[in-house]
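Notes for the one structure printed next.
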Amino acid sequence: MKQRFSKIVLFILITGLITACNSVKNVGDNDLLLVNNTIYVDSVKNTSEQIDNLIYQDPNKTMLGLPIRLYIYNLARPNIDSIIDARLNKTAKHRERLERFLSKKQLFQYINSRKNLNSWLKTTGESPTLISEPRALKSVKRLEDYYINNGWFDVTASYDTIIKPKNKVEVNYQVNLGTPYKIDSISTKIMSPVVDTIYNQFKRRSFIKKGERYTTDNFEAERDRITSSLRNQGIYQFSQDYVIFQVDTINTNKKMNVEVQIKNFSNQGTDSTYREPFKVYKIKDVNIFTDSSHENRNSTIQDSTTYNGFNLYSTDKIVFRPKALTDAVFINPGNVFRDIDRTRTYKHLSELKTFKYPDIKYVENPDSTLTTNIYLTPLKKFNLGFATEVSTSNIQVIGFSVNPSLLARNIFKGAETLELSGFASIGASKDASNDKDVFFDINEIGADLKLTIPRIFFPIKTDSLIPKTMSPTTRVGLSIASQKNVGLDKRSFTGTLNYNWRPKRGITQALDIFNVQYVRNLNPDNYFNVYSTSYDTLDDIAHDIDYIQDDEDLSIPDGTNEFIDEVLGSNPPNNISDDDIQTVNNIDERMIRLTENNLIISTAYTFIKDSRRNVSDEDFFIFRFKLESAGNLTAFGSKLANAPKNEDDQYELFNVAYSQYIKTELDFTKHWDLGHQNILAVRSFFGIAIPYGNSDNIPFAKSFFAGGANDNRAWTAYDLGPGSSQSNDDFNEANLKLALNIEHRFNVFEDLYGALFVDIGNIWNVYDNIEDEASTFDSFNSLKDAAIGSGIGLRYDFSFLVFRFDVGFKTYDPSYSEGDRWFKDYNFGNAVYNVGINYPF
């Protein structure tokens, strides 16, 4: 009976799918389903997405060549209400029997579920696109308008329909361009002498050039350019309406004579309107109202001051240092009016994060000057925040945490912003179930302080090198943290002093004067409880050589330490192999490396070039360069002081051997817009960190890793490399990294996108104390150990973020022997599934 029922259900599903896959199911006998548009320009098939987008009516969207959304729509019933009513009332007592069998409530829910499903199918699906003659004619008109606006004034367009079987139709659009019109001469007729002078000063930047084809966009851009040039040279009253282009095409043999006309100022008098020449306006006064909130709109000014020609007013005592505000104002008394100064002032005042969006107004004076009034509404001086969290993990049964925070604005009366946040948590580890242990035996506590100063904070003036037009900021940061019964129980301190500025649009530069990181591990004996993979390897070797019995495990830390000392001592166990000795040695070296205390005192410079014009730009590149140096000044000071060295021939500071290295990173990302919502994205990365002097390796926090959702997606983070080594470490890292990522992104339908990607790269050790040949990069021949992952992905665009799901397959795995690396684990069972927010690059 069950088999028969399954066959019936399967038959119904197959029948429904076959019915839905009939694309003309909901197309009437007198209608035609549009399946294709083709545009021919001078008999040549168009391939431009821009031209394709001019057509008013598009066929139903397809995925893998099939109109999937149309099929989904066809699953819906067009008259579901009537169908349900007819079935319920097919006999006089049918509804009553159903109500007795299901109950009225259940029957009502069943009806609603049928209707909701039908509605969902219609909403998710796409109704059939039926050919429309009015829309085709509008498309023809739009094609003609487009080419007219680009210089083909004699263009003609038409369309033909090609009827296909089963009520389908294709539309071919024919565009005949003719000869384009080109600009033959450019002359001017400018009424105001001062405008004529300014125009001639900047006319070399004109978008209208002799010999070029006419385009409406160029003329609009030229109107904008003229207006911008004049308003940035003191012509306050100027607007686009005063610019007229007089074009002569009569009997010119497809050539255009253009006259640029700029009228005089239209002045509205008491009784009539008259024209007069434009004048250059200067800024007479700049008044800054520091507390012009809505509540103070009728209050009397109680405090005022003057600083460098700026007038500052307040209805209460002025709480800002004048220089802090005037540094953000680019409209200076005595200067010629410039529109760009107002734009920069808006931007810089907003970047202070101390005021709501400012209001800047100009008042004309009889003597052709302007009074500038800047109205500022301060944000609340203090913002308090408080967050709590309850969590559980593999090391704790339950944990509670609190995160208080304080944001203080204008803390030193210079529009500075101070952010102070704290973190405290307690938790019960799995060992706390022992009656002898304290239940809440895990605790973490920390604090973080960030101070942002809206200028370069330095003993000497830096305005000549980094003027305020570059939006300079200084950031000071301090953080401390302490852990108990978490990992190795770290205590850490971090201090930073950073300068940041933007010399040009799209360029950002940053200089870390110092970045101090100090980490002390209080519980190194817990190492093998944290790095369980290393422990499992060590324990397996101990069992293999009968160092311990089968029903025993190495104790932590005594058993593990004794076993390592015996294996690496002068008399290792007789039955242990050289490979196992090397494995134990690697585990020991890594344990020493990850349990050692770190002191890093570094300086770094970062340069970023971003060519994106706006957030929706899909054709751009981003280049990032970083150079970091650590320990050089400290080493120089140690040598000058003739400081002693420890037993490892290293200088120490605060009883810790400080790190000394130089590190650089090069990161380049390029996006190509291929049209039709297809994007080709490529990222390349090169990073190297070279230890020297006081160090023979790179601190773990400054090393490179491979794998993860934003790197090589066929491996999990820290799982790949180094080189071709068959590492079983929990966290693999090295000091050289090469990576290349290629991804093709395409639209599936609506806000759902797909991706095909290839990720190439690996990490290696170089110029450090690692001697394992499989892990080191010794020549270009080592590039054969670059791993290759490939895969597919889906992205859903929520507009404010992109949810990402990727599946990565190990295509070329360097951990296998040469000749056996391709497609070794290329299957879903060994694939890596990545979930991320936003695109990986």
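The values are calculated or read from the model by the stated rules, or taken from the named source; none is laboratory data. In this text the structure is predicted, and so the values were computed from the model without any measurement. Glycine gets a Cβ as well: all are built from the backbone with ideal geometry, and neighbour counts include every protein chain shown.
Looking at the range 455-485, which of the residues that are part of a loop (DSSP other than H, G, I, E, B) and crowded, with 16+ Cβ neighbours inside 10 Å is modelled with the lowest pLDDT?
Filtering first and then ranking leaves ASN485.
Every residue in the range 63-83 that is outside any strand (DSSP E or B) and surrounded by fewer than 14 Cβ atoms within 10 Å (Cβ to Cβ), please. Outline the logic, then answer.
Of the residues in the range 63-83, the ones outside any strand (DSSP E or B) are 64-65, 67-83.
Correct list: LEU64, GLY65, PRO78, ASN79, ASP81, SER82, ILE83.
Need a quick list: strands (runs of 3 or more DSSP E) entirely within the range 223-308 having at least 1 residues that are within 22 Å of LYS361 (Cα to Cα).
Result: 265-268, 282-289, 303-307.
What number of residues within the range 711-746 satisfy the criterion of being under 19 Å from the mean Cα position of the chain (by Cα) and surrounded by fewer than 18 Cβ atoms within 10 Å (Cβ to Cβ)?
Going through the range 711-746 one residue at a time, the tally reaches 4.
Specify the residue that is nearest to ARG338 (Cα to Cα); the eligible residues are those in the range 351-366 that are touching a residue at least 12 places away in the same chain (Cβ under 8 Å) and more than 32 Å from the chain's Cα centre (by Cα). Let's see the steps before the verdict.
Initially, the range 351-366 is screened for residues touching a residue at least 12 places away in the same chain (Cβ under 8 Å), giving 351-356, 358-362, 364-365.
Retained after the next criterion (residues that are more than 32 Å from the chain's Cα centre (by Cα)): 360-362, 364-365.
Values: ILE360: 13, LYS361: 13, TYR362: 12, GLU364: 14, ASN365: 16 Å.
Among them, the one singled out is TYR362.
Could you tell me whether SER192 is of a type outside the set (A, V, I, L, M) and touching a Pro at 6+ places or on another chain (Cβ under 9 Å)? Spell out the reasoning first.
Details: of a type outside the set (A, V, I, L, M): yes; touching a Pro at 6+ places or on another chain (Cβ under 9 Å): yes.
Considered against the rule, which asks whether it is of a type outside the set (A, V, I, L, M) and touching a Pro at 6+ places or on another chain (Cβ under 9 Å), SER192 comes out as yes.
What single numbered condition from (1) without any contact (Cβ under 8 Å) to a residue 24 or more places away in the chain; (2) assigned to a strand (DSSP E or B); (3) farther than 25 Å from PHE457 by Cβ fails to hold for GLN549?
Going through the list (1) without any contact (Cβ under 8 Å) to a residue 24 or more places away in the chain; (2) assigned to a strand (DSSP E or B); (3) farther than 25 Å from PHE457 by Cβ, GLN549 breaks only (2).
Scan the range 280-308 residue by residue and report those that are surrounded by fewer than 15 Cβ atoms within 10 Å (Cβ to Cβ), in contact with a helix residue (DSSP H, G or I) (Cβ under 9 Å, 6 or more places away or on another chain) and more than 23 Å from ARG409 (Cβ to Cβ).
Passing the criteria: THR306, ASN308.
Restricting attention to the range 153-169, and to residues there that are touching a residue at least 12 places away in the same chain (Cβ under 8 Å) and among the aliphatic types (A, V, I, L, M), which single residue is surrounded by the most Cβ atoms within 10 Å (Cβ to Cβ)?
So the residue we want is ALA157.
Do we have any residue at all in the range 582-598 that's assigned to a strand (DSSP E or B) and within 34 Å of the chain's Cα centre (by Cα)?
Yes, the conditions are met somewhere in the range 582-598.
Determine, yes or no, whether GLN261 is assigned by TED's automatic domain parsing to the domain that holds PHE245, within 27 Å of SER239 (Cα to Cα), at pLDDT 95 or above and of a type outside the set (A, V, I, L, M). If you could, list the steps in order and put the result at the bottom.
Details: assigned by TED's automatic domain parsing to the domain that holds PHE245: yes; within 27 Å of SER239 (Cα to Cα): yes; at pLDDT 95 or above: yes; of a type outside the set (A, V, I, L, M): yes.
Criteria met by GLN261.
Kindly indicate which of ASN150, ASN172 is in contact (Cβ under 8 Å) with a residue 12 or more places away in the chain, of a type outside the set (Ser, Thr, Tyr), surrounded by fewer than 19 Cβ atoms within 10 Å (Cβ to Cβ) and part of a loop (DSSP other than H, G, I, E, B). Explain how you work it out, then say what you get.
Numbers: ASN172 fails: part of a loop (DSSP other than H, G, I, E, B).
Testing whether each residue is in contact (Cβ under 8 Å) with a residue 12 or more places away in the chain, of a type outside the set (Ser, Thr, Tyr), surrounded by fewer than 19 Cβ atoms within 10 Å (Cβ to Cβ) and part of a loop (DSSP other than H, G, I, E, B) leaves just ASN150.
Go through TYR499, TYR518 for me and flag whichever is under 37 Å from the mean Cα position of the chain (by Cα), touching a residue at least 24 places away in the same chain (Cβ under 8 Å), part of a strand (DSSP E or B) and under 30 Å from ASP617 (Cβ atoms).
Details: TYR518 fails: under 30 Å from ASP617 (Cβ atoms).
Exactly one of TYR499, TYR518 is under 37 Å from the mean Cα position of the chain (by Cα), touching a residue at least 24 places away in the same chain (Cβ under 8 Å), part of a strand (DSSP E or B) and under 30 Å from ASP617 (Cβ atoms), namely TYR499.
Taking the conditions exactly as written (of a type in the set (Ser, Thr, Tyr), outside any loop (DSSP other than H, G, I, E, B) and surrounded by 18 or more Cβ atoms within 10 Å (Cβ to Cβ)), does THR452 satisfy them or not?
Values: of a type in the set (Ser, Thr, Tyr): yes; outside any loop (DSSP other than H, G, I, E, B): yes; surrounded by 18 or more Cβ atoms within 10 Å (Cβ to Cβ): yes.
It is true that THR452 is of a type in the set (Ser, Thr, Tyr), outside any loop (DSSP other than H, G, I, E, B) and surrounded by 18 or more Cβ atoms within 10 Å (Cβ to Cβ).
Could you list all residues from the range 175-197 that are under 46 Å from the mean Cα position of the chain (by Cα) and assigned to a strand (DSSP E or B)?
Matches in the range 175-197: VAL175, ASN176, LYS182, ILE183, ILE186.
Taking only pairs six or more apart or across chains, which ones have beta-carbon atoms under 7 Å, a first residue in the range 367-389 that is without any contact (Cβ under 8 Å) to a residue 60 or more places away in the chain and surrounded by 10 or more Cβ atoms within 10 Å (Cβ to Cβ), and a second residue that is among the polar types (S, T, N, Q) and assigned to a loop (DSSP other than H, G, I, E, B)?
LEU379/THR354; LYS381/ASN410
Take the residues of the range 681-691 that are surrounded by fewer than 18 Cβ atoms within 10 Å (Cβ to Cβ) and in contact (Cβ under 8 Å) with a residue 60 or more places away in the chain: which is farthest from the chain's Cα centre (by Cα)? Lay out the reasoning, then the answer.
Of the residues in the range 681-691, the ones surrounded by fewer than 18 Cβ atoms within 10 Å (Cβ to Cβ) are 682, 684, 686, 690.
Right, trim to in contact (Cβ under 8 Å) with a residue 60 or more places away in the chain and you get 682, 690.
Numbers: VAL682: 15, ILE690: 30 Å.
It comes out as ILE690.
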